[in-house]
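First the structure, in the form of structure tokens, and then the observations on it.
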Amino acid sequence: MSTPDQLSSLLQTHFGYASFRGDQRAIMESVMAGKDVLTLMPTGGGKSLCYQLPALASEGTAIVISPLIALMKDQVDGLNLNGIPAAFINSTQSQSEQNQIIASFQKGELKLLYLSPERLLAGEGAFFDVLKSGTISLFAIDEAHCISQWGHDFRPEYLQLKSLGKVFPKTPLIALTATADQRTQQGIMDNLEMRKPTLFKSSFNRENITYLVEPKHQSREKLLDFILDRPNEVGIVYCLSRKSTEQVAAFLEVNGVKALPYHAGLSQEQREKNQNDFINDNVQVIVATIAFGMGIDKSNVRFVVHLDLPKNIEGYYQETGRAGRDGLPSTALLFFGRGDAIMLQQFINSGDPEQAVVLNNKLQEMVRFGESTQCRRKLLLEYFDESYEPPCNNCDNCLRETEYMDGTEVAQKAISAVLRLKERFGTGYTIDFLRGSKSVKIREEHKSLRTYGVGKDLSKETWRFFFQHLIDMGYLSMSSGEYPTLKVPSKGILFIKNLEKLSLPVPPVGITKDKREEQESIVHSTPDLYEKLKVWRKKESEAKGIPPYVIFSDKTLLELTSFRPLEMDDLLLINGFGEVKCQRYGEPVLAILSAYCSENNLESNLPARKKPKKEKKRKAKSNQPTPTQMQTIELFANGLSLEEIETERQLAATTLEGHIAAGIEFGMIPLDLVMKEERVVPIREAIEQTKEPGLKPIKEQLGDDFSYSEIKWVSAYLKAGQNTD
């Protein structure tokens, strides 16, 4: 077995990373110790490394079971570029090509071999005999949720993979997925007959993704505005039907956006062409059904839009997870409409009754997510059994500058209507009842009730917003089941009896702006350098016939733009630049950077980064501010106020307040420059007395006289003191 130092060395040499993330090292060491492992890790969290590095460090070949050809090709291209011998076998190859790869495997020349489940199991397991003729280090099963009947993408043929443990009882098996609730996790372990498996569950929180939900009204026009606001960003737009993908792609093309459709009804040749055009940055947008994307490794997808409602949270999370795999700020926009939910429910109910129960419950969770006024991130993470303390300040509900109104009368009408209807109807019927609908679906006996028609002054959309907020606040609740109905819990009953004053938010107008300031500020400071690097990457990718992001991710280009390394050794400080890529691409990249710095009288910006690289513990912070934080700190140190910096940098006030907190924590900004002593003392006392995590309990103790930013600044000051002990 490799030592920890050897693992770290291989990580830097072949992948260009200075440290492991989260549980990566522990996962690798478990696999290399011969244990079966189930790994839950979000898309972009580094799942692939968990089997690629053990494969590199172990004797023999790792067999990777992967469901899609596109994923195999992307990963094999990337591995070969990093100096790791890898190959795949699939239906696109001739028998002669497959035989050559099998011969390489038998000679021990490959570190990883990718196969589809169908190829592995073809001929009643005849391929097992081929595998027995070589040395296998481990089995890795990607997209493992396909194995469980409780998963959102269950495939019955995957159940045959349980034979792996019987045929190769001494070979460790690692199953990996980004989407699995507890029931699905157990289904994976049971169906694979894993031997005393170790479960590693990373946080599902994708901090770099902004989650936005917008009412499905004039959605195509809103989509066009959203994309036109991002002329240099690529993205995926998901639709439910094949027809919609073609219509939306045509609509975008007519309006100046390079877009192509992708769905199972296109010929294989056309699908491959459209997918490759998107992967190689020849088009800005791919408009697709869910047939597109599983396993697509494109790291620079900046936005994912759902024009139609996904069937479940798992599918939504997996699809939105295709944005921002490189860790840079990205956006997930969902256009939500109840009509989609009704259509999906009809489709579900036309299938197997037992499976329909599972799928209907999952659909209702998706509807709850779309309608909620709570923090979107909190809802997502709670679905995957992970607690989260809002606000995240990176979803529409947390980002929105909310105005409040006296909602006492609105709440009284809503709760009274539910009670008058004896808690037997859902939100849609109750809203129609409140608005005095003349529809035949409104029962005659209900039209004589006092509450009928008392809410005709508000639109359906507005009423739905208020109902959801009352549910989130606990004044109303929803029953479970195929047809959920509104209920009035004890909190709602007490409100009706006492009619205490109740504040409700004013319904929002327009799409909430997301957070893309940080990488934009870096690019905007030297846009021509970033563009030169992109042009070089594109030419290099075309020459080698591989996607640009396989050469280097956008994150690597941004670091090159920001830090401008001018020596070969300095390139190793850039994420994604290992020794192999330094040898391969170091000279042309340094030539671009050197010429640019010479022409613009600039120097390298790397000195602050030249510190001994130590592996960080989980969730550890870096030992210096980020480049964008430093820009704010320097402006503040030069005497500019926060308002002046906001104008100068065009960043949100909350972002800049976070930058100031970083300056305080790293000892670059004295606390007394931003706060008076008399305000520090009570905040410090509240922090020391509060045992609950997060800022919210501290804020509740202090009251409205103190702001969240002040609490952040004092917390940063206290952290600075702890770090120097």
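Below is a table of values for the structure above.
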| quantity | calculated |
| --- | --- |
| Qualifying residue in segment 410-421 (condition: free of Cβ contacts under 8 Å to residues at least 24 places away in the same chain and more than 27 Å from Arg376 (Cβ to Cβ)) | no |
| Whichever residue in segment 625-646 is within 33 Å of the chain's Cα centre (by Cα) and not in a helix (DSSP H, G or I) and, among such residues, is surrounded by the fewest Cβ atoms within 10 Å (Cβ to Cβ) | Thr626 |
| Matching residues, segment 560-593, being assigned to a helix (DSSP H, G or I), in contact with a Gly (Cβ under 8 Å, 6 or more places away or on another chain) and crowded, with 21+ Cβ neighbours inside 10 Å | Leu571, Lys581 |
| Residue that is surrounded by the most Cβ atoms within 10 Å (Cβ to Cβ) [pool: residues in segment 365-395 that are of a type in the set (Ser, Thr, Tyr) and farther than 17 Å from Gly321 by Cα] | Thr373 |
| One residue from Tyr262, Tyr238 being touching a His at 6+ places or on another chain (Cβ under 7 Å), at negative phi and crowded, with 19+ Cβ neighbours inside 10 Å | Tyr238 |
| One residue from Tyr429, Tyr452 being of a type outside the set (A, V, I, L, M, F, W, C), under 21 Å from Ala341 (Cα atoms) and surrounded by 15 or more Cβ atoms within 10 Å (Cβ to Cβ) | Tyr429 |
| Sole exception among (1) closer than 29 Å to Glu371 by Cβ; (2) among the aromatic types (Phe, Trp, Tyr); (3) in a helix (DSSP H, G or I) for Phe278, by number | (1) |
| Those residues of segment 485-495 which are surrounded by fewer than 17 Cβ atoms within 10 Å (Cβ to Cβ) and not hydrophobic (A, V, I, L, M, F, W, C), in sequence order | Lys487, Pro489, Ser490, Lys491 |
| Criterion violated by Arg230 - all others in (1) out of contact with any helix residue (DSSP H, G or I) (no Cβ under 7 Å at 6 or more places or on another chain); (2) over 24 Å from Gly370 (Cβ atoms) satisfied | (2) |
| Checking Arg322 against (1) under 30 Å from Asn575 (Cβ atoms); (2) basic (Lys, Arg); (3) in contact with an Asp or Glu (Cβ under 8 Å, 6 or more places away or on another chain), the condition it does not meet | (3) |
| Qualifying residues in segment 1-43 (those that are among the small types (Gly, Ala, Ser) and crowded, with 21+ Cβ neighbours inside 10 Å) - the one farthest from the chain's Cα centre (by Cα) | Ser30 |
| Some residue of segment 49-59 being within 23 Å of Met189 (Cα to Cα) and polar (S, T, N, Q) | yes |
| Pairs with Cβ under 6 Å, 6+ apart, first in segment 193-207 and closer than 30 Å to Ser330 by Cα, second polar (S, T, N, Q) and modelled with pLDDT of 90 or more | Phe200/Thr39 |
| Failed condition for Ala55, given (1) part of a helix (DSSP H, G or I); (2) surrounded by fewer than 22 Cβ atoms within 10 Å (Cβ to Cβ); (3) at pLDDT 90 or above | (2) |
| Which listed residue, of Glu482, Glu531, is surrounded by fewer than 18 Cβ atoms within 10 Å (Cβ to Cβ), modelled with pLDDT under 70 and not aliphatic (A, V, I, L, M) | Glu482 |
| Tally, over segment 193-221, of residues that are within 23 Å of the chain's Cα centre (by Cα) and farther than 30 Å from Lys162 by Cβ | 13 |
| Matching residues, segment 674-699, being exposed (fewer than 12 other Cβ atoms within 10 Å of the Cβ) and in a helix (DSSP H, G or I) | Glu677, Glu678, Val681, Glu688, Gln689 |
| Verdict on Val37 being over 11 Å from Phe200 (Cα atoms), in the same structural domain as Arg183 (by TED's automatic domain parsing), among the aliphatic types (A, V, I, L, M) and touching a helix residue (DSSP H, G or I) at 6+ places or on another chain (Cβ under 7 Å) | no |
| Test set (1) within 29 Å of Leu309 (Cα to Cα); (2) in contact with a Pro (Cβ under 7 Å, 6 or more places away or on another chain); (3) hydrophobic (A, V, I, L, M, F, W, C); (4) outside any loop (DSSP other than H, G, I, E, B) - Met189 fails condition number | (1) |
| Extreme residue, surrounded by the fewest Cβ atoms within 10 Å (Cβ to Cβ), among residues of segment 455-479 that are within 14 Å of Gly426 (Cα to Cα) and of a type in the set (S, T, N, Q) | Ser479 |
| Qualifying position, being touching a Ser or Thr at 6+ places or on another chain (Cβ under 8 Å), of a type in the set (S, T, N, Q) and under 27 Å from Asp326 (Cβ atoms), among Thr210, Thr135 | Thr210 |
| Selection within segment 351-364 - of a type in the set (A, V, I, L, M, F, W, C) and surrounded by fewer than 16 Cβ atoms within 10 Å (Cβ to Cβ) | Val357 |
| Condition check for Glu97: in contact (Cβ under 8 Å) with a residue 24 or more places away in the chain and among the acidic types (Asp, Glu) | no |
| Some residue of segment 65-76 being in a loop (DSSP other than H, G, I, E, B) and touching a strand residue (DSSP E or B) at 6+ places or on another chain (Cβ under 7 Å) | yes |
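The values are calculated or read from the model by the stated rules, or taken from the named source; none is laboratory data. Since we're looking at a predicted model, the values are computed, not measured. Positions of Cβ are backbone-derived with ideal geometry, glycine not excepted, and every protein chain shown enters the neighbour counts.
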